Every structure is written in structure tokens, then in C-alpha cells.
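Input: a single structure, listed below in C-alpha cells.
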Amino acid sequence: MSTSSNSIARMWRTVLSRRGSVARASDRFQAGLLIFVALLALAALPVSAALGSETFVRQQGESAQQVSERMQVTATLLADGPDITVNSRAGVVGNGRPTDATWTLPDGTRRVGKIVADEGKLKGETLTVWVDRTGSPVDPPLSGAGVVIDAVVLGLGLWLGALALLALAYRLAVFSLDRFRFAQWQHEWFRELDPNTHS
């Protein structure tokens, strides 16, 4: 029999102790509490999965709406982008910043505004940007992969968070039980040393 099987069998024997068992009431309570916590952890799994699935459906609809309302256009920089800066420690290039640019909408309308240009980009270079129906720059629409990742991360994160809270609550309960058992053991020890001591 494996170690896990032995542990499960021992836990059940503690909860359902027979006549003559040396298990204390606090031991049976702890074993029962562990079973209850395990059942709650299992119950939290489908709940977290359902919330992740709900998020997937909602964001999938948002993604479809954003794709229908946004389009890609080619923008031309009217000024140089930010200078290239290098982190002295990691050598990491910094982020871009809003830079003047112009772009033409599918109906031929010319727009001028600011888009985020990467460092080192020069005046006259072109960039592909997303715009809304009014022609204003917007963030790219949610991708299919992004929708899946968000749903999985949310569902898994909720379940792991529930596990962490349950584990913390169980450890606190065991800590309290250990203190209670130690106090009982100490009381019984002193009573054995001095039979005249009244409880």
C-alpha cells in the first residue's frame, strides 16, 4: 500500500474510531476538519472553472466586437521617436512615447495625431496602428489567444487562492489544537506528579 493510501486510511480510522481507540476527541476533530477542507477544495474547482468559462465567453464577445469596430492603418511619423536609452545595469531598451504622426482612413480622410513610437524611430518611418471608427488610435483588439489566457489565469488563480486560504485556515486550526493538546498534556503531567492536585 502506498504512503498516500496509508495516510488516507489512517485519517478515516481516526475520524471513525472504534471502541478502545487511543485517538483523542481533538484528533478526531482535526481529521474531520482535514476531510472538510479537502472537500471544500474539490468544490472550489468547478466554481473556479465556471467563472473562468464565463470570463472566456464574455471576453470572446468583446473581442469580436472590437475586431468589428477597429481597423489597422499605416501611420507615418511626423517627428522622430524617443532617443534610444539603455539601462546601465541590464542593457534593456526603454519604452516608446507618444509621437506626432499622420495616417489615412479607408475613406481617404487624412488624420493627424499622436501614436506611440518605439525608441529609435525616425521622422518619415511608417508604423501599423489600430484606430476606431472615428479614426482615433486605440489599443489592438483582444486576440483569441489573449481571451483563452485570461480565462485560464482567472480560473486557475481563483482556485489556487481558495486553496491558499483553506490551507491557512487549516494550519491556524491545527496550531490552536496543538496548543490545546499541549495544555491538556501539561495538566495531566502535573496531576501525575502530584496525585493530590485537584483538577
For the stretch 70-141, what relative contact order do you get, as a whole percent, if you take Cα pairs closer than 8 Å and at least 6 residues apart? 42
Determine, from the Cβ-Cβ distance of Lys114 and Gln72 and an R0 of 25 Å, the FRET efficiency 1/(1 + (r/R0)^6), rounded to the nearest 0.05. 0.90
Over the stretch 70-141, consider all pairs of different Cα atoms and compute the Kirkwood hydrodynamic radius from their mean reciprocal separation; express it in Å, one decimal. 12.8
Divide, for the stretch 46-199, the radius of gyration over alpha carbons by 2.2 N^0.38 Å, where N is the residue count. 2.06
Summarise the long-distance tail of P(r) for the stretch 101-148 by giving the % of C-alpha pairs beyond 11 Å. 74
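Any read-out appearing in this document is the output of simple, stated calculations on the displayed coordinates, not a laboratory observation. Keep in mind that this is a model prediction, so the values were computed, not measured. Because the Cβ atoms are built from the backbone with ideal geometry, glycine has one as well, and the counts that use them run over all protein chains shown.
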